[in-house]
Amino acid sequence: MKIIEDARAPNPRRVRIFLAEKGIDIAYEQIDITEFQHKGADFTGLNPLQRVPVLLLDDADPISESMAICRYFEELQPEPALMGTGAEGKARTEMWQRRMELNLLAPVAQTFRHLHPAMKEMEQPQVAQWGEANRPRALTMLSLLNEELATRPFIAGNEYTVADITALVAVDFMKPAKIERPVNLTNLTRWYDEISVRPSASA
Ligand SMILES: N[C@@H](CCC(=O)N[C@@H](CS)C(=O)NCC(=O)O)C(=O)O
């Protein structure tokens, strides 16, 4: 079993943090997406969508999509629970995970992909106006998150979950996307400072 990834990219980082939190050791194989290795026939055979990460299983078809890979390991090793516990906890964690993915990580990624010169070839067509349109969307979600974090330690409740992982990766990816984190969002800053020092954050 191994994961094929490009360690510089944000989605593979979500899976690495998740596995580090679980204490699961797995082999990683690096490919260079800036050299378009994921567009070659070999990788396309593993994931026709040509995206990393991909989990290669020993005796079954590959699994791609970061959250699907996390789900696989959550089922194999439920503790510590990172995708919620009980009907309500699982639903609440999924709700926040999806919000972080669709309303924070996605706009940050779109800002990066459509404005950064390094993405000119990968993002075709690169539409600067679309990049600019996504910046305020990310900031709106951060403000909302700041209000939510006034009431609880972590995004989905009292426990650290995959929603925190997606949000941490998104906030860190704001740096290359050149989106400044507003310093007046004090609850967000408290949360960010706390989860950034978890050993998994450097996985
Ligand atoms: N929905 C996928 C997204 C994966 C994804 O977009 N990966 C990026 C790196 S973070 C990638 O492979 N980009 C290559 C490209 O856009 O051609 C997931 O959650 O894993």
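Data overview
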quantity: Residue in the range 128-136 that is assigned to a helix (DSSP H, G or I), without any contact (Cβ under 8 Å) to a residue 60 or more places away in the chain and closer than 15 Å to I155 by Cα present; calculated: no
quantity: Out of A27, A41, A7, sole residue that is open to solvent by 30 Å² or more (accessible area, probe 1.4 Å) and either at pLDDT below 95 or under 13 Å from the mean Cα position of the chain (by Cα) (or both); calculated: A7
quantity: Enumeration of residues in the range 17-48 that are more than 12 Å from the ligand (Cβ to nearest atom), assigned to a helix (DSSP H, G or I) and touching a Phe, Trp or Tyr at 6+ places or on another chain (Cβ under 8 Å); calculated: L19, E21, K22
quantity: Residues satisfying the stated conditions in the range 139-170, i.e. of a type in the set (A, V, I, L, M, F, W, C), open to solvent by 10 Å² or more (accessible area, probe 1.4 Å) and within 17 Å of V108 (Cβ to Cβ); calculated: L139, M141, L144
quantity: Of residues in the range 171-181 being open to solvent by 40 Å² or more (accessible area, probe 1.4 Å) and under 21 Å from R99 (Cβ atoms), the one nearest to the chain's Cα centre (by Cα); calculated: D172
quantity: Selected residue (only one of R51, R99 is assigned to a loop (DSSP other than H, G, I, E, B), within 16 Å of the ligand (Cβ to nearest atom), modelled with pLDDT of 95 or more and among the basic types (K, R)); calculated: R51
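The values are calculated or read from the model by the stated rules, or taken from the named source; none is laboratory data. Since we're looking at a predicted model, the values are computed, not measured. Neighbour counts run over all protein chains shown; Cβ positions are idealised from the backbone, glycine included. Quick note on the areas: whole protein, heavy atoms, side chains included, nothing else; ligands and nucleic acids left out. Shrake-Rupley method; radii C 1.70, N 1.55, O 1.52, S 1.80 Å.
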